[in-house]
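The values are calculated or read from the model by the stated rules, or taken from the named source; none is laboratory data. Just so you know, these numbers come straight off a predicted model, no measurement behind them. Reconstructed Cβ throughout: ideal geometry from the backbone, glycine too, with neighbour counts over all protein chains shown.
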Amino acid sequence: MKIVTIIGARPQIIKAAALSRAIVSSYSHEIEEYIVHTGQHYDDNMSEVFFRELGIPKPDKNLNVGSGLHGKQTAAMIEGIEEILMDVKPDYLVLYGDTNSTLAGAVAASKLLIPIVHIEAGLRSFNKTMPEEINRIVCDHSSAIMFSPTETGIRNLKNEGFSIGVEMPYTSDHAGVFHCGDVMYDNSLFFADLAEKESRVLDEHKLKSKAFILATIHRNQNTDEPVRLQFLFNALANTAIAENIDVILPLHPRTQKMLEQNNIQIPEKAKSLLQIIPPVSFLDMIMLEKHSSLIMTDSGGVQKEAFFFKKPAIILRPETEWVEIVEHGTAVLAAKNEADLVQQAIQYLHHPPTEFPEIFGDGKAAEFICQTMLDNYKALQ
C-alpha cells in the first residue's frame, strides 16, 4: 500500500513522526510512505531541525512554497501536490490538522479521486473567522477515513451528518470515522525520556523546574491586532511581576515581526523576568512543558501537551477545539480583561489542578491508523 503524507507546518512534522515510526517498526513490508513538505514553514528552527532531531524520514519532495497570502500560498500548494499525486499514484493521501497545506492536499486529492485520510478529524472551534476552521471542515468533508483524537470530535462529525460505525470499504461517499486517540500523545510518551537526556534548555536559560511560566503566541487573531498583542504582553509581564516568576516565550517569527512593526512595549520591571527566545526544538519544548508551573498559549498542540504533562493552561483565545481540557478544569479560556487574566494565572499557580483523566488514548494511535488504512486498502481490492 502506498501513501503520500503532506506536511508543511511545524506541528504536522511532529505528528507525522508518530505515523512514520509506526510504519518503520511494524508495517515496513506492507506500507510505503512518500513524504511531501510544502515548505509552508521554511525557517530552520521552525521546520528542518525537527527532521534531524526526531529522526523523521527526510521529505521525498519539498515544494518550497513559503509564506504569503492565503490564496496565493494555497494555490501554489495545490499545483505542486497535484503533480506529485499524478506521478506517485498513491492509494491514500494522509493529511494532518488544519493548515493551508491540509486544505491544498484535500482539494488536490479529491479532484483526482484519491482517498483522503484525515488525522485530527472532527475538531471544531465553531468560529469560521479562523482560517483553520474552514480548512478542517473542507478536509473532513472530502475524506474517506477520519481519525478523531477525542469523543467530542466524533460527536461533531456525527452532528454534521457522518455515520459512525459503517462497514468497509470506506470512500468519500461512505466515510469511516474513528476515535483513535491522539498521535501527539504517542509522541509525547516516546520523546519525553529522550528530552530529559538531550535537552539543555533549562540550564541555558537558568530556569528552575516548576518555577516558571511557558508562553507561546502565534495565532493571527493575536499577532495581527496591535492592541490585542500589547494586551497579552502586558498580562504576561504583570503576572511575572506579581508572582516574581520567570516567563519564557519561544517566539514565532510572525510574532517577532509584529512586535517590531507595532512597537510593542514590555514594562521595565518585567524585562528581567520575561525571556523572549527564538523558536525551540521539539525536545526543548517538551522539557519546557514538563518543568513549567503554568502554560499560557494560543497553540492547539501546546494546549494538549500541557494536559499530557499534567500542567494547567490558559488558552489565549476566545474558544478552543480541545473542549475536554476546559471541561475537566485543567485549562481555561483567557479573560478579556487584563487584571482578570493575570488573576487566572495567579489562581492556577497557587491552586493547580490535580486530576488529568486519560482522554487522549493509550499512546498507540499511530498503529491503529496504519492498521485501519491497511484493512480498508485490502477491502477495496
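Summary of computed values
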{"item": "Lone unmet requirement of (1) within 29 Å of residue 199 (Cα to Cα); (2) crowded, with 21+ Cβ neighbours inside 10 Å; (3) touching a Leu at 6+ places or on another chain (Cβ under 8 Å) for residue 278", "result": "(2)"}
{"item": "Wholly enclosed helices (runs of 4 or more DSSP H) of region 160-259 bearing at least 3 residues crowded, with 22+ Cβ neighbours inside 10 Å and either basic (Lys, Arg) or in contact (Cβ under 8 Å) with a residue 24 or more places away in the chain (or both)", "result": "183-198, 226-243"}
{"item": "Residue in region 231-271 that is farthest from residue 336 (Cα to Cα), counting only those that are among the small types (Gly, Ala, Ser) and touching an Asp or Glu at 6+ places or on another chain (Cβ under 9 Å)", "result": "240"}
{"item": "Single condition residue 203 does not satisfy, out of (1) more than 25 Å from residue 319 (Cα to Cα); (2) touching a helix residue (DSSP H, G or I) at 6+ places or on another chain (Cβ under 6 Å)", "result": "(2)"}
{"item": "Candidates 114, 56, 134, 78 - the one that is over 30 Å from residue 283 (Cβ atoms), touching a residue at least 24 places away in the same chain (Cβ under 8 Å) and not in a helix (DSSP H, G or I)", "result": "114"}
{"item": "So residue 124, is it part of a loop (DSSP other than H, G, I, E, B), under 30 Å from residue 288 (Cα atoms) and either free of Cβ contacts under 8 Å to residues at least 40 places away in the same chain or of a type outside the set (A, V, I, L, M) (or both)", "result": "yes"}
{"item": "Every residue from region 143-200 that is over 20 Å from residue 328 (Cα atoms), assigned by TED's automatic domain parsing to the domain that holds residue 14 and of a type in the set (Lys, Arg)", "result": "158"}
{"item": "Matching entry among 266, 325 (being more than 28 Å from residue 193 (Cβ to Cβ), free of Cβ contacts under 8 Å to residues at least 60 places away in the same chain and surrounded by 17 or more Cβ atoms within 10 Å (Cβ to Cβ))", "result": "266"}
{"item": "Meets criteria (without any contact (Cβ under 8 Å) to a residue 24 or more places away in the chain and farther than 14 Å from residue 236 by Cα) for residue 336", "result": "no"}
{"item": "Looking only at region 81-111, and only at residues there that are assigned to a helix (DSSP H, G or I) and of a type in the set (Gly, Ala, Ser), the one that is surrounded by the fewest Cβ atoms within 10 Å (Cβ to Cβ)", "result": "110"}
{"item": "Members of region 339-361 found to be modelled with pLDDT under 95 and either touching a strand residue (DSSP E or B) at 6+ places or on another chain (Cβ under 9 Å) or assigned to a helix (DSSP H, G or I) (or both), listed by number", "result": "361"}
{"item": "In region 135-188, the residues that are farther than 23 Å from residue 381 by Cα, under 23 Å from the mean Cα position of the chain (by Cα) and among the aromatic types (Phe, Trp, Tyr)", "result": "185"}
{"item": "Search result, residues across region 8-22 that are touching a helix residue (DSSP H, G or I) at 6+ places or on another chain (Cβ under 6 Å) and assigned to a helix (DSSP H, G or I)", "result": "10, 11, 13, 14, 15, 17, 18, 19, 22"}
{"item": "Matching residues in region 137-152 - criterion: being assigned to a helix (DSSP H, G or I) and under 20 Å from residue 101 (Cβ atoms)", "result": "137, 138, 139, 140"}
{"item": "Residue count for region 176-227, restricted to those that are small (Gly, Ala, Ser) and in contact with a strand residue (DSSP E or B) (Cβ under 6 Å, 6 or more places away or on another chain)", "result": "2"}
{"item": "Sole residue being more than 23 Å from the chain's Cα centre (by Cα) and at pLDDT below 95, chosen from 197, 206, 210", "result": "197"}
{"item": "Selection status of residue 261, modelled with pLDDT under 95, closer than 21 Å to residue 131 by Cβ and either out of contact with any strand residue (DSSP E or B) (no Cβ under 7 Å at 6 or more places or on another chain) or basic (Lys, Arg) (or both)", "result": "yes"}
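Listed here are the residues, each with its yes/no results for (1) more than 18 Å from residue 334 (Cβ to Cβ); (2) in contact with a helix residue (DSSP H, G or I) (Cβ under 9 Å, 6 or more places away or on another chain).
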{"site": "208", "(1), (2)": "yes, yes"}
{"site": "217", "(1), (2)": "no, yes"}
{"site": "221", "(1), (2)": "no, yes"}
{"site": "227", "(1), (2)": "no, no"}
{"site": "235", "(1), (2)": "no, yes"}
{"site": "238", "(1), (2)": "no, yes"}
{"site": "243", "(1), (2)": "no, yes"}
{"site": "246", "(1), (2)": "yes, yes"}
{"site": "251", "(1), (2)": "yes, yes"}
